[in-house]
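The values are calculated or read from the model by the stated rules, or taken from the named source; none is laboratory data. None of the values given here were measured: they were computed from a predicted structure. Note that we place each Cβ from the backbone using ideal geometry, even for glycine, and neighbour counts take in every protein chain shown. Just so you know, the surface numbers come from the protein's heavy atoms only, side chains and all, with ligands and any DNA or RNA stripped out. Shrake-Rupley method; radii C 1.70, N 1.55, O 1.52, S 1.80 Å.
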Amino acid sequence: MNSGERARRGGRDVARRIVLGAGAVGAGAVVAWRIHGGSDGPAVPAPPERRRAWTYAMDGAAAGVSRLSFAGGSLYATVGGPLSVHAVSARSGRGRWVAEMSGGTPGEAELGPVTVAGGSVYAVVEGGHVHALADADGVRRWVSEPLGGGPPAAPVAVGPTVCVLMRTLTSADEAGGTRTLTDGVLCGLDAGSGRVKWRTGGHRLLLADRSRGQLIAQARGGDGLSALDAGSGERRWALPEQDTVAAGPELLYATGTGTADEVSAYDLSTGRRRWTSAAPPKDYPGAPGAYLTVSADGRTVHACDGGTGAVYAYDAMTGDRRWRITVAPPVVPAAAAAGSAVFLTSASGFGASHEPGGYLTARSAADGGRLWRTDSGDCTSAAAAARGTVLVAHGAQTWAYDAGTGAARWRVTGEPGAGDAPLTADGRLYVVTDAGIGAVAV
């Protein structure tokens, strides 16, 4: 599975369920965050509410926002009822355009996150239709033939090809009643027309390697990992089955399956293995391997097992282990590195809770030493770092902490709309509330 899938199956899917189940907290309704929300947990004084730079009102549709994306100075929100994409200026909060989507069962279909590339906005409806919209005004350029069904993922644009992962109808009984969906069908569409250029079955899309014009895909059923040519779907190279995957500029990093606790690096051009190093031990036999993240500068790889709290740091090019630590589990297994620190969060709902509540901690990027820890309640997202600030979701609120001290600076009512971690861009944090989309200066 890819790193995003590993995280959702591991710690962050639990965190996301907590977010979706949390009620909104008004700015003046609660003045403290209580661990577990119970009467026995210690209360942490809440920081002041941050004033929003702007709010994009959505007239009741905000409850249906499934995802926020950022590209080229705009926010793109996918909405479930009615199925639509909202394009919003990130600078002013003014709506640029709204485009309604078609396809799927009315009232039941889901709209996946969008991808913006080459002046077009691509979105997939659960019914299997891919839509291409003009980024300038939202006018529909083309709609693909129905390609399958199931919960849609974000399309992947690689050069003149748009790649989507679908489920496909493969059979029907004589009465036309029962139909079977086959998982993991990759389709490559012509970006200009929506015509299907190629399709291949039995895969899961892991990530795009745009500089080399290829996709990294995992075959279902344990048949291995492949690099596919984005234009033709042809296989360039293959590896044995891998567990978790992340990519840097030149290398692909992966943890193997089975009982071996190893992390390896492979050349993205050839698939040749560059190095192998010991990985954090698994929480239990047969568990997925440690979750991998690559630092923004591409120099460091972090491997974290959320159940055990073991975190390792490696030199990205050589595999030399720089340090290893164990923090108090459970941990949301995604490290956010910024400057001289690495930030980790804990969600008490993930794994076997060894202690009550959750926390945010900063560790030295040089040696893993503890810089600070703030027991600020259950964290329902991974951390995001921006401008000397660490941002973490706590249910229906997002809090900002000082990256140097861990002190809570401010909070805003609203949940991350970007999925696994708060969305920051151009010096602002973007959140979803009952009223719409809010922007706050970081």
Inset, instruction - Would you confirm whether any residue within region 187-204 is within 21 Å of Ala132 (Cα to Cα), in a strand (DSSP E or B) and modelled with pLDDT under 85? - result: no
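Per-residue answers, yes or no, for (1) outside any strand (DSSP E or B); (2) at pLDDT 65 or above; (3) closer than 30 Å to His129 by Cβ:
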residue	(1), (2), (3)
Arg16	yes, no, yes
Val25	yes, no, no
Ser39	yes, no, no
Asp59	yes, yes, yes
Val79	no, yes, yes
Ser102	yes, yes, yes
Gly107	yes, no, yes
Inset, instruction - Kindly provide the set of residues from region 260-292 that are within 22 Å of the chain's Cα centre (by Cα), farther than 15 Å from Pro240 by Cα and either modelled with pLDDT of 95 or more or aliphatic (A, V, I, L, M) (or both), ordered by number. - result: Ala287, Ala290, Leu292
Inset, instruction - With respect to Ala238, determine if the residue is open to solvent by 40 Å² or more (accessible area, probe 1.4 Å) and at pLDDT 90 or above. - result: yes
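Give Val245, Val263 a once-over and let me know the one that is part of a strand (DSSP E or B) and without any contact (Cβ under 8 Å) to a residue 60 or more places away in the chain. Explain how you work it out, then say what you get.
On the way: Val245 fails: without any contact (Cβ under 8 Å) to a residue 60 or more places away in the chain.
Step by step, each of Val245, Val263 is checked, and only Val263 is part of a strand (DSSP E or B) and without any contact (Cβ under 8 Å) to a residue 60 or more places away in the chain.
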Legend entry - Which numbered condition Val392 fails, given (1) touching a residue at least 60 places away in the same chain (Cβ under 8 Å); (2) surrounded by 19 or more Cβ atoms within 10 Å (Cβ to Cβ); (3) farther than 21 Å from Ala71 by Cα; (4) not polar (S, T, N, Q): (1)
Inset, instruction - Being out of contact with any helix residue (DSSP H, G or I) (no Cβ under 8 Å at 6 or more places or on another chain) and surrounded by fewer than 21 Cβ atoms within 10 Å (Cβ to Cβ) is the filter here, so list the residues in region 263-281 that pass it. - result: Ser264, Asp267, Thr270, Gly271, Arg272, Arg273, Arg274, Trp275, Thr276, Ser277, Ala278, Pro281
Inset, instruction - Could you tell me which residue of region 412-442 is surrounded by the most Cβ atoms within 10 Å (Cβ to Cβ), considering only residues that are assigned to a loop (DSSP other than H, G, I, E, B) and on the phi > 0 side of the Ramachandran plot? - result: Gly414
Legend entry - From the options Ala313, Ala296, residue that is open to solvent by less than 20 Å² (accessible area, probe 1.4 Å) and aliphatic (A, V, I, L, M): Ala313
